[in-house]
1. Looking at D184, D176, D234, which one is under 22 Å from F276 (Cβ atoms), among the charged types (D, E, K, R) and touching a residue at least 12 places away in the same chain (Cβ under 8 Å)?
2. Six or more apart or on different chains, Cβ under 8 Å: which pairs go from a residue in region 4-19 that's without any contact (Cβ under 8 Å) to a residue 12 or more places away in the chain to one that's of a type outside the set (F, W, Y) and assigned to a loop (DSSP other than H, G, I, E, B)? Could you list them?
3. Only one of A340, A242 is in contact (Cβ under 8 Å) with a residue 24 or more places away in the chain, open to solvent by 20 Å² or more (accessible area, probe 1.4 Å), closer than 30 Å to Y83 by Cβ and out of contact with any Lys or Arg (no Cβ under 8 Å at 6 or more places or on another chain); which?
4. Name the single residue, out of those in region 351-387 being part of a helix (DSSP H, G or I) and under 18 Å from V33 (Cα atoms), that is most open to solvent (accessible area, probe 1.4 Å).
5. Taking the options L98, L104, L81, name whichever one is free of Cβ contacts under 8 Å to residues at least 60 places away in the same chain, out of contact with any helix residue (DSSP H, G or I) (no Cβ under 7 Å at 6 or more places or on another chain) and of a type in the set (A, V, I, L, M).
6. Please state which one of I129, I180, I150, I197 is within 27 Å of P79 (Cβ to Cβ) and in contact with a Ser or Thr (Cβ under 8 Å, 6 or more places away or on another chain).
7. Taking S256 as meeting all but one of (1) farther than 30 Å from N302 by Cα; (2) open to solvent by less than 30 Å² (accessible area, probe 1.4 Å), write down the number of the exception.
8. Which ones in region 90-108 are hydroxyl-bearing (S, T, Y) and open to solvent by 20 Å² or more (accessible area, probe 1.4 Å)?
Amino acid sequence: MNTVSQLARLGLFDARVPRYTSYPTAPQFSTEVGAAQFARWIAAIAPGSRISLYLHVPFCRRLCWFCACRTQGTSSDDPVLAYVETLKQELALLKATLPEGITLSRLHWGGGTPTLLPAPAMRALAAAIFDVVPLGKDAEFSVEIDPNEIDGARLDALAEFGMNRASIGVQDFDPDIQAIIGRDQSYEVTQAAVEAIRARGVHSLNADILYGLPQQSRIRLADSVQKLMSLSPDRVALYGYAHVPWMARRQQMIPSDTLPRPEERLELFETAQELFTWDGYQAIGIDHFARPGDGLAVAARNGTLRRNFQGYTDDTAEVLIGLGASSISRFPQGYAQMNAATSGWTKAVREGVFATARGHAFRGEDRLRARIIEALMCDFRISADEITRDFGLTRAALSALFAPVAEKFGRFVTVDSQGLSIPPEGRALTRMIATHFDAYAMAKTGHSSAI
């Protein structure tokens, strides 16, 4: 039986599983974590330590049909400017709660489209952030940039305040596919944005590209990948398009019968993967690629690669604080998420309290299973020495945990005295394998295709 047939027999092409950017995953969050708990976790951060900060801007000038993010369209700057004022109030709440001497390891502006902000608003927001918590030594300030929604004045503002990494979304350069997914973004516009970013001394560039889009073929995807590589991004996220029209209503604009079959999705992924690796990129985890000198590649080689809500990261800060509607924070004690509705988030902050609506406090085996799943997603291996040392598990207990996985996945996993590992031919199954270490019940409709 060939590899594809075996993968099919194991259910790869039918499964819907989490992306495991957290454990437990966001659908498991509950109202047990609220504003008071969130504030206590912030207050418990060690004085003088380094943290990461994520700011969510949920506005777009136009809504792309393929996107399942929590965003809202606006043709006016008024709601965006009002949102920035509320963010500044939220930052004031953080300042009043945060212990002394904290600095930033990472600062990321995401969305939505954070580059929708006018240049003066960008400056005001950045100044408010750094009044609360300054960038530490060798810190990274990254911003998601829409090539259709950026100009020199806004790039000048970001560079002035220390942006040193930019992230651009490409999705696909084929105009026919762009028309189907509601994303008009030419190669020329993208190239001009990249050149403008680099002209301001920002030399670290991330790019996102999608496989599994409607009417995508290996030839079309190869053309888009080659165009993207001509821009020489330092790292690339090759995400599988998640078609979830029951969750993201705008995706109902995309005809389901134009989507590639699951087996074709695997071929598309492998096509792009081959092109990136042939061009000298190092494969990182299940869906990222990086130049050998990029921090992500270095982290993958030295075993410090981590996974968070932005995907793979070389950030080792124990605390990630998310501000803005729907943003998620991670603490050693658990996760906390802000109210997903902009109106609800705004109301709480203007009343002088954090808008934390739900989350999860770690208990039981959460930390153990979180580390096992993260190790699989990052390194394709679980070190028996690490787990027994850091979590007090006996070798016998670890073997019992591995046994059902080895039985189900056969040659696609290796279990020995070193631990459990996934060989290259089994890595398409990584998310499925990870679910066997997930102690929480999963709703199949709440997750994306396994490939």
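The values are calculated or read from the model by the stated rules, or taken from the named source; none is laboratory data. Predicted model only: the values in this text are computed from it and were never measured. Neighbour counts run over all protein chains shown; Cβ positions are idealised from the backbone, glycine included. SASA here: full protein model, heavy atoms, side chains in, ligands and nucleic acids out. Shrake-Rupley method; radii C 1.70, N 1.55, O 1.52, S 1.80 Å.
1. Within the list D184, D176, D234, the selection yields D234.
2. R9/M1
3. Answer to the selection: A242.
4. R367
5. Details: L98 fails: out of contact with any helix residue (DSSP H, G or I) (no Cβ under 7 Å at 6 or more places or on another chain); L81 fails: out of contact with any helix residue (DSSP H, G or I) (no Cβ under 7 Å at 6 or more places or on another chain).
Going through L98, L104, L81 in turn, the sole match is L104.
6. Sole residue among the options that is within 27 Å of P79 (Cβ to Cβ) and in contact with a Ser or Thr (Cβ under 8 Å, 6 or more places away or on another chain): I150.
7. (2)
8. Looking only at region 90-108, we keep the residues that are hydroxyl-bearing (S, T, Y), and these are 97, 103, 105.
Those that are hydroxyl-bearing (S, T, Y) and open to solvent by 20 Å² or more (accessible area, probe 1.4 Å): T97, T103.
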